1. How big is the gap, in Å, between the Cα center of the range 99-163 and the Cα center of the range 222-281?
2. Give the peptides 130-137, 253-260, 224-231 in descending order of average Cβ contacts within 10 Å, highest first.
3. Per-residue HN-Hα couplings for the range 130-146, Karplus 6.51 cos²θ - 1.76 cosθ + 1.60 at θ = phi - 60°, whole Hz, x for Gly and Pro?
4. With r defined as the distance between the Cβ atoms of D312 and R441 and R0 fixed at 35 Å, what FRET efficiency is calculated, to the nearest 0.05?
5. Considering Cα pairs under 8 angstrom that are at least six residues apart, work out the relative contact order of the range 151-300 and quote it in whole percent.
6. Provide the gained length on full extension for the span S155 to S256, in nm with one decimal, where the gain is 0.36 nm per separating residue minus the Cα-Cα distance.
7. With the other protein chains left in place, how much accessible area per residue, in square angstrom, belongs to the chain at a 1.4 angstrom probe?
8. Take the alpha-carbon centre of the range 176-202, take the same for the range 443-460, and report the distance between them in whole Å.
Amino acid sequence: MEIIHVSAECYPVAKAGGLGDVVGALPKYQNELGHIAKVVMPMYKTKFLMNNAWDVVHKGRTNIGDYWFDYTIIKEQTNKLGFDLYLVDINGLLDREKVYGYDDDTERFTAFQVSVVDWISVWVHKPDVIHVHDHHTGLIPFIIKHCYKYQHLHSIPTVLTIHNAQYQGTMGWDKSYLLPPWDSWKWGLLDWKGAINPLASGIKCAWKVTTVSKSYLEEMRQSSNGLEDLLEYERGKCSGILNGIDVDVWDPATDSYFEDHFTVKTAAEGKAKSKKKLCDTFDLDVNKPLIVFIGRLVGEKGADILPAAISDSFYYIGRKMNFLILGSGFPEVEAQLNSLQRLAQKDYSVYIGYNEALSHLMYAGADFLLMPSRVEPCGLNQMYAMRYGTVPMVRRTGGLRDTVIDYGEKNGYGIVYNWAAVGDITQGIWRAVDLYNDSERMAEIRERMMLLDFSWQSSVLQYISLYEEMRHKEPVTESLPE
Ligand code: ADP
């Protein structure tokens, strides 16, 4: 099958979070099974763009409303990522340094989606599946079914994967002119609660919808930033497929971001060397357990409760552990985490920013990884941590619930708590300190975690059978909830 993934992120080209990791890995494993999976994404001004060679494969001209623009599709020459990678270059709109965060993101991602469809519309053959990811590409199923110019594509099966339902790309109806002329009887397929909602439109128009864990799919019917009723209504076409991790990139025996490699057998010594590096760099006490947090400093990740949980732990448990935080996000949270630094007694440090290399060293050198997420569609960090022998301390939610078993249970290996609340996290930290002092149990748990299989193997097969179900079928006619 020929599968076209359309996404705003793809590691190592451009990554802001888990979406990038998934789109950088899934197609590679689909190709290994003999399929032809390709990735199409915007051409940002990234290092990867500068450091690689490209062929121009298509030049076209299209418009969003009355803004006409030329677009160019370029393809990476060597297939070094394990799949064909295409970038869409739109002068002035996409060629910027950051992936998101501009005032005209609506225009940027609409222009991207229209260009992708415009390009595919001139192909002599049709791909077997177009697989779109999150709201930045959520309008594509609507465009190919209901925009007059592209209706000859309407029979191409589409899959939408929701990596994060918190962000939906909502825009006012005054922006409807950005779309290529469309059948206005179908306005309900764009609308959700009085606005154009690309994620909701994707849920309505895609043939199949997946989320990145089974538990997240369940939870979204209860809480998904306003989409609950829609997901309940469309439950028949939704399924949860757990993300895997790229075991080539995330392998403690070969990881290119740090030197002291280790395997299950040499984990104790290998991890100790990375821990020492971290402790020397960040002025921490190497003899205490090292608890780290890596991620976006936003409410979803429970980052706002970290400062209180850390101070309470020092106060109630004592200065028996180190904390090291890596992340960026809400300025207030950044400021609070920075200000804790003043009270540090060689047991706390923070790095505000995005640093891929440091994150790898932290997975390798830490003893515990804290994830007090309020919402966690799948979560990759806990899987990376486990592969690197670092005990995850997670809140029982979404993909964390599906991947971590508390060490108190049979064959368990993590620390699990129920609420993203200071008390629960502090109790988890107390349990971590206790576990750390039992070195035999710690070693046993480490080995158990490192032997777990979080590869893409079984999830890739689930995606393939989902695509197979749609092959040679007529497009589904959408209906709307009352
Ligand atoms: P989300 O996509 O919701 O941010 P995931 O757990 O799915 O969360 O993926 C997060 C990915 O982003 C992981 O690879 C993690 O290591 C990485 N990451 C997040 N913040 C940072 C940071 N500040 N520096 C380096 N890597 C980060």
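1. 29
2. 130-137, 224-231, 253-260
3. Residue by residue, the range 130-146 yields 10, 10, 9, 10, 6, 5, 5, 10, x, 7, 4, x, 5, 4, 6, 9, 10 Hz.
4. For D312 and R441, the calculated efficiency is 0.90.
5. Relative contact order, the range 151-300: 17 percent.
6. 32.0 nm is the gain from fully extending S155 to S256.
7. 40
8. Using only Cα atoms to place each centre, the spacing works out to 42 Å.
The values are calculated or read from the model by the stated rules, or taken from the named source; none is laboratory data. If you're wondering where the values come from, they're calculated on a predicted model, not measured in any experiment. Backbone-built Cβ (ideal geometry, glycine too); neighbour counts: all protein chains shown. Side chains are part of the model used for accessible areas, which takes the heavy atoms of the whole protein and leaves out ligands, DNA and RNA. Shrake-Rupley method; radii C 1.70, N 1.55, O 1.52, S 1.80 Å.
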